[in-house]
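Contents: one structure, followed by commentary.
The values are calculated or read from the model by the stated rules, or taken from the named source; none is laboratory data. Everything numeric in this text was worked out from a predicted model, so none of it was measured. Here the Cβ positions follow ideal geometry from the backbone for every residue, glycine too, while neighbour counts run over all protein chains shown.
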Amino acid sequence: MVTPDPGSLQSISLWVGTVGMALGTLYFLWEGWSVRDPEEQEYYVVTIFVPAIAAASYFSMATGFGVISFDAGQGMGETVIYWARYADWLFTTPLLLIDLCLLADADRNTIYTLIGLDVFMVGTGVAGALAREGQTVRIVWWAISTGALLVLLYVLFGTLSEQASRLSTDRAALFSQLRNLTIALWLLYPVLWILGTEGGVELFGLGVETALFAALDLLAKVGFGFLLLRSRDVWTTGALDASPADD
């Protein structure tokens with residue numbers, strides 16, 4: 001285990017992430033406790049699990065379990081990798097996409113496409129993070145993962161947005177708000193990765209990198225969930241097109 005030094009920016013960021021995700025989970029649980037409508041419950045179930053999984057991930061990193069270090073090769077030296085961060089993303093990012101798909105009343109093919117691209121994106125990101133052949137190989141994996149992200153965002157902005165266009169005005173506006181937030185925040189992840197210690201550029205150190213990832217995660221998970229759940233009255237306004245989504 002590689003336990004961050006107590007009081008360091010790295011340690012503080014991880015504990016802030018742990019507490020922030022835990023508080024987000026408790027808040028979403030409190031808001032959804034009395035919900036009985038099955039359609040509304042879907043949103044709460046999905047959204048609650050996002051910060052809950054992230055809280056466990058951040059706790060593991062803060063306590064030194066969710067982190068490893070190794071020689072990345074080609075003179076990069078000892079590299080610290082928070083593997084629990086990738087485990088978090090592997091589960092939480094598909095859940096966030098499912099929330100958007102529920103809101104957009106998406107068909108199954110679109111849902112499968114988005115989740116498939118997402119899993120491929122995170123999986124190739126893991127390969128890049130754990131590569132021991134030096135910076136060149138890590139950058140190739142980063143490029144593959146980033147390419148998958150761009151295709152995912154294209155589907156999100158194109159196909160899913162087209163399906164959402166049949167929604168009522170308020171529901172379509174909420175979808176657009178959450179879609180734009182997701183696109184803006186998710187685009188920052190590969191930039192942060194390549195400029196930080198994992199990508200090898202090391203424009204900033206591990207402490208700043210950890211703090212920035214924690215801030216992004218809190219916005220992308222708790223911030224997203226807060227915006228979605230505060231608009232509970234919008235979910236059931238329905239679609240303008242009465243035809244059901246393709247099963």
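Side notes on the structure shown:
- Residues that are among the hydroxyl-bearing types (Ser, Thr, Tyr) and free of Cβ contacts under 8 Å to residues at least 24 places away in the same chain within the stretch 97-147 comprise just one, TYR112.
- Among the residues of the stretch 101-110, some residue qualifies, meaning at least one is more than 21 Å from GLN177 (Cα to Cα), more than 13 Å from the chain's Cα centre (by Cα), surrounded by fewer than 17 Cβ atoms within 10 Å (Cβ to Cβ) and not acidic (Asp, Glu).
- The residue pairs whose first member lies in the stretch 20-41 and is closer than 25 Å to TYR58 by Cα, whose second member is of a type in the set (S, T, N, Q) and at pLDDT below 95, and whose beta carbons are closer than 9 Å, counting only pairs six or more residues apart or on different chains, are GLY32/GLN41.
- Checking each residue in the stretch 168-202 for being closer than 18 Å to VAL80 by Cβ and part of a helix (DSSP H, G or I) picks out TYR189, LEU192, TRP193, ILE194, LEU195.
- Of the helices (runs of 4 or more DSSP H) lying entirely inside the stretch 1-120, those carrying at least 3 residues that are polar (S, T, N, Q) are 9-32, 38-62.
- Of the candidates LEU227, LEU178, LEU216, the single residue that is modelled with pLDDT of 95 or more and more than 19 Å from ASP105 (Cβ to Cβ) is LEU216.
- Among the residues of the stretch 155-169, those identified as more than 11 Å from LEU103 (Cβ to Cβ) and touching a residue at least 40 places away in the same chain (Cβ under 8 Å) are VAL155, LEU156, THR159, SER161, ARG166, SER168.
- Test: VAL151 is of a type outside the set (Gly, Ala, Ser), over 20 Å from TYR82 (Cα atoms) and surrounded by fewer than 21 Cβ atoms within 10 Å (Cβ to Cβ): yes
- Being at pLDDT below 95 and of a type in the set (A, V, I, L, M) holds for only one residue in ALA54, ALA72, ALA87, and it is ALA72.
- Whichever residue in the stretch 33-52 is of a type outside the set (S, T, N, Q) and more than 18 Å from LEU100 (Cβ to Cβ) and, among such residues, is surrounded by the most Cβ atoms within 10 Å (Cβ to Cβ): ALA52
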